[in-house]
1. Do the conditions hold for residue 114, that is, is it of a type in the set (A, V, I, L, M, F, W, C), touching a residue at least 12 places away in the same chain (Cβ under 8 Å), assigned to a helix (DSSP H, G or I) and farther than 22 Å from residue 36 by Cα?
2. Step by step: first the residues of region 17-45, then only those that are in contact with a helix residue (DSSP H, G or I) (Cβ under 6 Å, 6 or more places away or on another chain) and among the hydroxyl-bearing types (Ser, Thr, Tyr), then the one that is modelled with the lowest pLDDT. Which residue is that?
3. Quick one: what pairs do we get from region 32-45, first residue under 14 Å from residue 81 (Cβ atoms), second modelled with pLDDT of 95 or more and surrounded by fewer than 15 Cβ atoms within 10 Å (Cβ to Cβ), C-beta under 8 Å, 6+ apart or different chains?
4. Based on what the data block shows, is residue 94 free of Cβ contacts under 8 Å to residues at least 24 places away in the same chain, polar (S, T, N, Q), surrounded by 15 or more Cβ atoms within 10 Å (Cβ to Cβ) and farther than 17 Å from residue 197 by Cα?
5. Of the residues 129, 158, 162, which is closer than 30 Å to residue 196 by Cβ, aliphatic (A, V, I, L, M) and either outside any helix (DSSP H, G or I) or touching a helix residue (DSSP H, G or I) at 6+ places or on another chain (Cβ under 9 Å) (or both)?
6. Considering each of 71, 109 in turn, give the residue that is crowded, with 24+ Cβ neighbours inside 10 Å, under 18 Å from residue 186 (Cβ atoms) and modelled with pLDDT of 90 or more.
7. In region 65-72, is there at least one residue being of a type outside the set (Phe, Trp, Tyr), in contact with a Phe, Trp or Tyr (Cβ under 6 Å, 6 or more places away or on another chain), over 23 Å from residue 183 (Cβ atoms) and in a helix (DSSP H, G or I)?
8. Hey, any hits in region 127-143 for a residue that's in contact with a Ser or Thr (Cβ under 9 Å, 6 or more places away or on another chain), of a type outside the set (Asp, Glu) and surrounded by 20 or more Cβ atoms within 10 Å (Cβ to Cβ)?
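The values are calculated or read from the model by the stated rules, or taken from the named source; none is laboratory data. None of the values given here were measured: they were computed from a predicted structure. Glycine also receives a Cβ, built like all others from the backbone with ideal geometry; neighbour counts cover every protein chain displayed.
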Amino acid sequence: MTQLNEESMSTATPPATTNRPGWTPRDLALVAVFAALVAASAFVPGISIGGVGVPITIQTLAIVLTGLVLGGRRAFAAVLLYVVLGLAGLPIFSQGRAGLGVLAGPSAGYIVAFPLVAALAGFFASKILQRGLKPRALWFFVAALGSSVLLTHTLGPLGIMLNAKTSLGQAFVADLAFYPGDVLKNIVAAILAVTLHRAFPDILLRRAQRTIATDAGADA
């Protein structure tokens, strides 16, 4: 009886655990590089429009590009790092702003949306690459624009409403001025992302494949 129990224990299958691929030094380097890219994009002078105090900048281009190139998790980490450093006091927001005070301004909703947009665009990009959808630039554009509409142009107007003391309708009307520029920036981001994926085909696809392989191993 004792021998039977020992044999049963020795052949028992341990409970399956699902582990996502760990962060490699390469992943951390890419997060740092793209966080720096987003910060650098803030130094390009913006264009002030309307009376809400939110300038048009190329930051949203850098943010969706980060998502399309890095994928959801790494893009979220990169843009969140940028936001945290800016809130901590580094003058890396548009117009050289820094500190927690920006969350009391009309741009607050857009800043909160930054890492979420990067994560969502990155999630879509991963799916596009896994499925091999063609033409890739078109699908990347759809992913970038969809992420912007769902998050940037939702949280942004809410920030305007709360901090600029406008009605919700007025805030959404003010936000409409950003749509033409966002369409152009998303087109450019999609083209750049395709170029980078062609030059470095394993920058995102290999990580997505590792994730699928890990999940398959856990299921087995």
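1. no
2. Looking at the filtered set, the residue picked out is 18.
3. 39/90
4. So residue 94 does not fit the description; no.
5. After ruling out the rest, the residue left standing is 129.
6. Unique residue meeting the criteria: 71.
7. No, there is no match, as no residue in region 65-72 is of a type outside the set (Phe, Trp, Tyr), in contact with a Phe, Trp or Tyr (Cβ under 6 Å, 6 or more places away or on another chain), over 23 Å from residue 183 (Cβ atoms) and in a helix (DSSP H, G or I).
8. So far as region 127-143 goes, no, none of its residues is in contact with a Ser or Thr (Cβ under 9 Å, 6 or more places away or on another chain), of a type outside the set (Asp, Glu) and surrounded by 20 or more Cβ atoms within 10 Å (Cβ to Cβ).
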